[in-house]
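Everything below concerns the one structure shown next.
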Amino acid sequence: MCTMDNYLFVALGCQCTDREMIPSKRVFSYNPLTSIWKEISPMNVARPKCKLAALEGHVYAIGGECRSSVERYDPRSDRWTFVASLPNSTFAVAHHVTACHGELFVSGGTLRYLLLRYSPKTNSWRTSLLVGRKARTADMVAVGRFLYRFDANPLLGLSVWRYHTMARLWYECSFKRLLRCPAFQCTVMDDTIYCVSRQFTMKFAADEISPAFIAKDLSVLSAAKGMLVPFVLSLPDKNPLQTSV
């Protein structure tokens with residue numbers, strides 16, 4: 001899922017039939033002001049486990065299970081069209097995607113751990129190597145001109161790596177020791193990154209000078225089931241932070 005122009009977009013990926021789970025091309029949008037779901041034009045191909053990202057008035061569907069192709073949705077024409085595929089030797093299932101300064105950034109890879117950078121102006125991808133420890137990346141988000149990558153190590157804790165999109169430089173900007181770090185996902189509101197799981201809700205101040213975790217954690221969603229996917233919408237009651245389960 002992703003948000004754009006205060007709409008939520010959700011790609012099914014798969015749907016159930018009477019006998020099996022089959023890949024699906026179906027995509028839905030949600031308007032929080034009217035509380036109405038609408039099915040939009042389906043993608044050209046089914047993309048289980050794809051990533052959605054919004055950039056400059058378009059929604060991009062990136063990769064998916066055993067797919068390297070990419071397509072984007074234009075809400076004005078209600079149409080999906082193919083754009084440049086992910087580069088060779090990259091695989092999209094375990095990737096993290098975010099948009100920053102007019103470009104898409106995708107982390108991951110099979111043979112190598114890469115940072116992929118897509119420009120809609122040239123319809124092309126560029127690749128560079130990611131740096132950091134050998135740890136699982138929980139999520140990657142953008143604030144201002146920086147990317148923030150949250151790497152979880154079961155023995156050490158949580159490392160935050162920051163990438164300057166102009167200087168093209170990675171460096172570790174913060175660290176938080178945790179006894180264990182379950183899977184979580186992030187969302188951004190203003191200059192604060194919210195790291196959300198059933199075990200914790202942490203806040204990270206994405207300050208340009210001194211980025212750091214905020215000491216006071218928020219309430220825990222221990223009663224929730226399944227994977228929590230946080231996203232930000234402007235609602236009539238002015239409660240912008242919502243979580244989908």
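The values are calculated or read from the model by the stated rules, or taken from the named source; none is laboratory data. Note that the structure is predicted; figures quoted are calculated from it, not measured. Cβ coordinates were reconstructed from backbone atoms using ideal geometry, including for glycine residues, and neighbour counts include every protein chain displayed. Remember, those area values only see protein heavy atoms, side chains included, never the ligands or the DNA or RNA. Shrake-Rupley method; radii C 1.70, N 1.55, O 1.52, S 1.80 Å.
Computed values, structure above
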{"quantity": "Failed item, numbered, when Trp170 is tested on (1) of a type outside the set (Asp, Glu); (2) out of contact with any strand residue (DSSP E or B) (no Cβ under 8 Å at 6 or more places or on another chain); (3) more than 19 Å from Met202 (Cα to Cα)", "calculated": "(2)"}
{"quantity": "Count - residues of segment 195-204 that are touching an Asp or Glu at 6+ places or on another chain (Cβ under 9 Å) and open to solvent by 20 Å² or more (accessible area, probe 1.4 Å)", "calculated": "2"}
{"quantity": "Restricting segment 161-204 to residues that are in contact with a Pro (Cβ under 7 Å, 6 or more places away or on another chain) and among the small types (Gly, Ala, Ser), the residue that is modelled with the highest pLDDT", "calculated": "Ser174"}
{"quantity": "Evaluation of His95 against (1) touching a Leu at 6+ places or on another chain (Cβ under 7 Å); (2) within 21 Å of Tyr163 (Cα to Cα); (3) open to solvent by less than 20 Å² (accessible area, probe 1.4 Å) (one fails), failing number", "calculated": "(1)"}
{"quantity": "Of all residues in segment 150-165 being out of contact with any Cys (no Cβ under 8 Å at 6 or more places or on another chain) and assigned to a strand (DSSP E or B), the one that is surrounded by the fewest Cβ atoms within 10 Å (Cβ to Cβ)", "calculated": "His164"}
{"quantity": "Residues of segment 27-50 classified as charged (D, E, K, R) and at pLDDT 95 or above, total", "calculated": "2"}
{"quantity": "Total residues in segment 29-57, condition under 21 Å from Leu235 (Cβ atoms), among the small types (Gly, Ala, Ser) and in contact (Cβ under 8 Å) with a residue 12 or more places away in the chain", "calculated": "2"}
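So that you can scan it fast, the table gives a plain yes or no per residue for (1) more than 19 Å from Val106 (Cβ to Cβ); (2) in a strand (DSSP E or B); (3) open to solvent by 70 Å² or more (accessible area, probe 1.4 Å):
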{"site": "Ala167", "(1), (2), (3)": "yes, no, no"}
{"site": "Cys173", "(1), (2), (3)": "yes, yes, no"}
{"site": "Arg180", "(1), (2), (3)": "yes, no, yes"}
{"site": "Thr187", "(1), (2), (3)": "no, yes, no"}
{"site": "Ile193", "(1), (2), (3)": "no, yes, no"}
